[in-house]
There are 2 protein chains.
Amino acid sequence: MEIHVPEDHPRYQSISVREHLVEAVAQNVVAPAGLIAHGRGEAFDYLCGEDTPPPALDAIAAAAACLLLARHPVLSINGNFAALCAEDIVKLSGAARAPMEINLFYRSPEREHAIEKTLRDAGAADILGIGDAASETVPEIGSERRRIDPRGIGAADVVFVPLEDGDRTEGLIAMGKTVITVDLNPLSRTARKASITVVDNITRVIPLLIQEIDRLKNLNKDECIAILRDFDNKQNLKAVLDFIADRLRSFSFEGE
Amino acid sequence: MEIHVPEDHPRYQSISVREHLVEAVAQNVVAPAGLIAHGRGEAFDYLCGEDTPPPALDAIAAAAACLLLARHPVLSINGNFAALCAEDIVKLSGAARAPMEINLFYRSPEREHAIEKTLRDAGAADILGIGDAASETVPEIGSERRRIDPRGIGAADVVFVPLEDGDRTEGLIAMGKTVITVDLNPLSRTARKASITVVDNITRVIPLLIQEIDRLKNLNKDECIAILRDFDNKQNLKAVLDFIADRLRSFSFEGE
């Protein structure tokens, strides 16, 4: 059932993204529970004014420095990330020299292949983590052991794992990986457990991150190390909370 | 694909509700977009500490008074409301002498009947708004005209429309109805346009509302009118925003 929203509707953009994600569920790219996760993100995005919160820019700089300094960075891709950002994922993979690995909470061969197709249609060549290639496991609390590719996340020192659940993040941190995440909820377990958390909408983050990688490529290694050293994830999350709290306090219902 | 979460998982309760709603999509009770809406609610519920914000108690009292004073109150029921609260809807219908009307954004005979079955299994007898019974329309912006039952919402002076979208709420207000809603987002168009907005989780609200109706039944009409007169929806929403902002500001990442 398609319901197309008129372009002059006050919520046109966010409703269009919703329709796209519902369609992506029908295509097996997004899991039904991925729609609930998207809704949580929408709410926090709304609180941020649907614009990048200023502290997120510092987190993006730290993420870019971290990816450039990594020995073996990998992009972990789930259904929502692929559905929302396929072209940008392929660009980021090139800019950060980070292979793409499909890594699903609700894994099935059909979903793997649907996501693989989405990425290939966007220009991806090599994709890790498909089928038997995902032969290693991450021990996680509260869920089945998750499979990973020994050539990808298994060997990675830095994993970019946006839109992820807390168990996965904790599992990767426990394996000694540096975890960069993107999560609109600054209070989520993922946001709190990750090494670097960018609190912003993934569709805005990836272009900004690619731009920042291109900028930092001109710096020397010590300058990148300094950016990373000066970044404090908990302080950054606190700054985002304060930003949201200020926005809530300044909201006025007058004149409605 | 069923993934059951262990009871000791830090997010056990909210994940169980998610699994229930994903199952309700498979049964046609909840629309896929209803999962996104649930996610938005989850995010705001999280910000409220997953507990009733104090200002919501005043809104519940006003809603109870309004339902008791109504000439012809009606409960408008969509897929999410039915999936989350079927038994409580039937109890509220009795307590408020308010018939139940199925009223869907994504309407199809299959969904109507799936929701009807959910309500009947919970003990409902008469249900309005099914099939040709929904013969009138509400003019709404940005979407198809919505059908309503002339014996139900069509004739109602007060409509209880929880978990609803902004277009629907504005359409009912424009028809001169008094609209009571339940919406965890204090900034949504629904929250701002409704006559009375309870900002709280629907599963907590309905038992509290039934309890409040039972309490106010012992008052006389003038006392109910006074409760309603003293309630200011915009002030109440502002109080909820301040409550959430205070919670965000007091959050500490220390010791993690």
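The values are calculated or read from the model by the stated rules, or taken from the named source; none is laboratory data. Note that the structure is predicted; figures quoted are calculated from it, not measured. Because the Cβ atoms are built from the backbone with ideal geometry, glycine has one as well, and the counts that use them run over all protein chains shown.
Couple of notes before you dig in:
Residue-wise test of (1) modelled with pLDDT under 95; (2) within 19 Å of A:ASN78 (Cα to Cα); (3) hydroxyl-bearing (Ser, Thr, Tyr).
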position: A:ARG145; (1), (2), (3): yes, yes, no
position: A:ARG168; (1), (2), (3): yes, yes, no
position: A:LYS177; (1), (2), (3): no, yes, no
position: A:ILE180; (1), (2), (3): no, yes, no
position: A:ILE227; (1), (2), (3): no, no, no
position: A:PHE243; (1), (2), (3): no, no, no
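- Residues of region A:179-190 that are crowded, with 24+ Cβ neighbours inside 10 Å and touching a strand residue (DSSP E or B) at 6+ places or on another chain (Cβ under 7 Å): A:VAL179, A:ILE180, A:THR181, A:VAL182, A:ASP183.
- Qualifying residue in region B:50-57 (condition: over 14 Å from B:LEU208 (Cα atoms) and modelled with pLDDT of 95 or more): no
- For the criterion of being in a helix (DSSP H, G or I) and among the polar types (S, T, N, Q), B:SER14 passes.
- A single entry from B:ALA62, B:ALA56 fulfils the requirement of being over 26 Å from B:ALA122 (Cα atoms), touching an Asp or Glu at 6+ places or on another chain (Cβ under 6 Å), away from chain A (no Cβ under 14 Å) and touching a residue at least 12 places away in the same chain (Cβ under 8 Å): B:ALA56.
- Candidate set: region A:62-99, residues that are touching a strand residue (DSSP E or B) at 6+ places or on another chain (Cβ under 7 Å) and part of a helix (DSSP H, G or I); chosen: the one farthest from A:ARG151 (Cα to Cα): A:ALA62
- The number of residues in region A:108-117 that are under 18 Å from the mean Cα position of the chain (by Cα) and assigned to a loop (DSSP other than H, G, I, E, B) comes to 0.
- Condition check for A:ILE173: part of a helix (DSSP H, G or I), in contact (Cβ under 8 Å) with a residue 12 or more places away in the chain, within 14 Å of chain B (Cβ to nearest Cβ) and within 23 Å of A:ILE89 (Cα to Cα): yes
- Flag if B:GLU223 is over 16 Å from B:LEU57 (Cα atoms), out of contact with any Leu (no Cβ under 6 Å at 6 or more places or on another chain) and modelled with pLDDT of 95 or more: yes
- Within the option set B:GLU42, B:GLU50, B:GLU87, being under 30 Å from A:VAL240 (Cα atoms), more than 10 Å from chain A (Cβ to nearest Cβ) and charged (D, E, K, R) holds for one residue only, B:GLU50.
Here's the yes/no breakdown for (1) modelled with pLDDT under 95; (2) crowded, with 21+ Cβ neighbours inside 10 Å; (3) among the small types (Gly, Ala, Ser); (4) under 22 Å from A:PHE81 (Cα atoms):
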site: A:ASP200; (1), (2), (3), (4): no, yes, no, yes
site: A:LEU208; (1), (2), (3), (4): no, no, no, yes
site: A:GLN211; (1), (2), (3), (4): no, no, no, yes
site: A:ASP230; (1), (2), (3), (4): no, no, no, no
site: A:LYS234; (1), (2), (3), (4): no, no, no, no
site: A:ARG249; (1), (2), (3), (4): yes, no, no, no
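- Here region A:217-256 is the region considered, the condition is being at the interface with chain B (Cβ under 7 Å from one of its Cβ atoms) and assigned to a loop (DSSP other than H, G, I, E, B), and the residue that is nearest to the chain's Cα centre (by Cα) is A:PHE251.
- If you check A:LEU104, A:LEU92 for being over 30 Å from A:SER250 (Cα atoms), within 14 Å of chain B (Cβ to nearest Cβ) and within 16 Å of the chain's Cα centre (by Cα), only one passes: A:LEU104.
- Only listed residue being more than 30 Å from B:CYS48 (Cβ to Cβ) and surrounded by fewer than 20 Cβ atoms within 10 Å (Cβ to Cβ), chosen from B:PRO109, B:PRO99: B:PRO109
- So A:THR169, is it crowded, with 22+ Cβ neighbours inside 10 Å and among the hydroxyl-bearing types (Ser, Thr, Tyr): yes
- So B:ARG120, is it within 14 Å of chain A (Cβ to nearest Cβ), assigned to a helix (DSSP H, G or I) and of a type outside the set (Gly, Ala, Ser): no
- Matching residues in region A:65-96 - criterion: being touching an Asp or Glu at 6+ places or on another chain (Cβ under 6 Å), buried (at least 24 other Cβ atoms within 10 Å of the Cβ) and not aliphatic (A, V, I, L, M): A:SER76
- From the options B:SER188, B:SER195, residue that is under 21 Å from B:ALA43 (Cβ atoms) and either at the interface with chain A (Cβ under 9 Å from one of its Cβ atoms) or in contact (Cβ under 8 Å) with a residue 40 or more places away in the chain (or both): B:SER188
- A:ALA26 vs. criteria within 23 Å of A:LEU237 (Cα to Cα), of a type outside the set (Val, Ile, Thr) and either facing another protein chain (nearest Cβ under 9 Å) or in contact with a strand residue (DSSP E or B) (Cβ under 9 Å, 6 or more places away or on another chain) (or both): no
- Residue match in region A:123-141 (condition: under 17 Å from A:GLY34 (Cα atoms) and within 14 Å of chain B (Cβ to nearest Cβ)): no
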